[in-house]
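Take a look at the structure set out below.
None of the figures in this text is laboratory data; all of them are computed from the coordinates on show. Quantities reported herein were computed from a predicted structural model and do not represent experimental measurements. No Cβ is skipped: glycine too gets one built from the backbone with ideal geometry, and neighbour counts run over all protein chains shown.
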Protein chains: 2
Amino acid sequence: MSFFDRDSEYKVVILMRQDVKMSKGKSAAQACHAAVACALASKKKNPSAFAEWDGCGQKIAVLKVEGERALFEFKAIADQQGITNSIVCDAGRTEVDPGTYTCLGIGPEKQSVIDKITGDLKML
Amino acid sequence: MSFFDRDSEYKVVILMRQDVKMSKGKSAAQACHAAVACALASKKKNPSAFAEWDGCGQKIAVLKVEGERALFEFKAIADQQGITNSIVCDAGRTEVDPGTYTCLGIGPEKQSVIDKITGDLKML
């Protein structure tokens with residue numbers, strides 16, 4: 001037996017496009033947009049998931065995703081399963097073209113649920 | 001005259017320690033913690049600043065800061081001026097030592113106010 005129920009741990013994953021050139025800071029700022037959007041949306045629409053995540057260290061992992069098509073495929077899966085998610089579209093005032101989709105946040109959701117969707121993606 | 005009042009634009013800056021070795025993804029996740037904390041704190045305690053920032057594209061810039069001492073010096077200035085801020089302390093389960101302070105989020109606040117504090121720092 002274990003006092004630690006892995007299934008009770010929630011996390012947010014952020015899928016960052018690898019085919020769009022961004023500085024480390026730009027990429028981090030895009031991840032921030034996704035994380036803030038997921039936090040605010042879940043606080044409103046899925047407060048229990050938000051509370052579990054917020055109360056246990058707000059686990060966040062940033063993962064690599066190939067390109068825009070994959071980004072929307074993962075978004076479709078999250079939508080189908082009713083999991084909070086938010087795609088980030090950059091205004092394009094600095095490093096990328098206007099309207100570039102840069103990353104996707106998924107969660108907060110149970111790690112076991114998220115890992116079934118994004119478990120094959122590598123950490124950034 | 002200008003229709004665009006620069007002083008009405010709000011932003012969040014995130015100061016990332018450069019003396020702590022972190023992967024691109026780890027660094028981005030730390031920035032996310034700061035951004036989420038600043039967003040939630042301002043939504044509660046400074047809703048007008050939050051609304052300005054949230055309603056105008058949630059501008060976020062990630063900046064370089066030398067080390068822990070500088071991080072706390074900037075925090076002290078933000079505290080003195082009553083500006084929302086949040087320092088991130090990592091649990092240390094992956095890349096850094098437990099209890100490492102990795103970054104500091106400041107804002108949302110007027111860009112002109114924040115630039116007076118962090119205007120000399122370089123973008124990450």
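Observations
- Residue selected from the range B:24-46 under the condition more than 7 Å from chain A (Cβ to nearest Cβ), in contact (Cβ under 8 Å) with a residue 12 or more places away in the chain and not hydrophobic (A, V, I, L, M, F, W, C), by the criterion surrounded by the fewest Cβ atoms within 10 Å (Cβ to Cβ): B:45
- Test result for residue B:14, over 16 Å from residue A:40 (Cα atoms), surrounded by 15 or more Cβ atoms within 10 Å (Cβ to Cβ) and away from every other protein chain (no Cβ under 12 Å): no
- Count - residues of the range B:93-114 that are over 23 Å from residue B:43 (Cα atoms) and within 11 Å of chain A (Cβ to nearest Cβ): 3
- Among the conditions (1) away from chain B (no Cβ under 13 Å); (2) touching a Pro at 6+ places or on another chain (Cβ under 8 Å), the only one that residue A:74 does not satisfy is (2).
- Top-ranked residue of the range B:47-71 - restricted to ones that are of a type outside the set (Gly, Ala, Ser), farther than 19 Å from residue B:90 by Cβ and within 12 Å of chain A (Cβ to nearest Cβ), ranked as surrounded by the fewest Cβ atoms within 10 Å (Cβ to Cβ): B:56
- Taken over the range B:90-124, the criterion of being under 17 Å from residue B:28 (Cβ atoms) and either within 11 Å of the chain's Cα centre (by Cα) or surrounded by fewer than 16 Cβ atoms within 10 Å (Cβ to Cβ) (or both) is satisfied by B:91, B:93, B:94, B:103, B:104, B:105, B:123.
- Boolean, residue B:9 is closer than 23 Å to residue A:91 by Cα and more than 14 Å from chain A (Cβ to nearest Cβ): no
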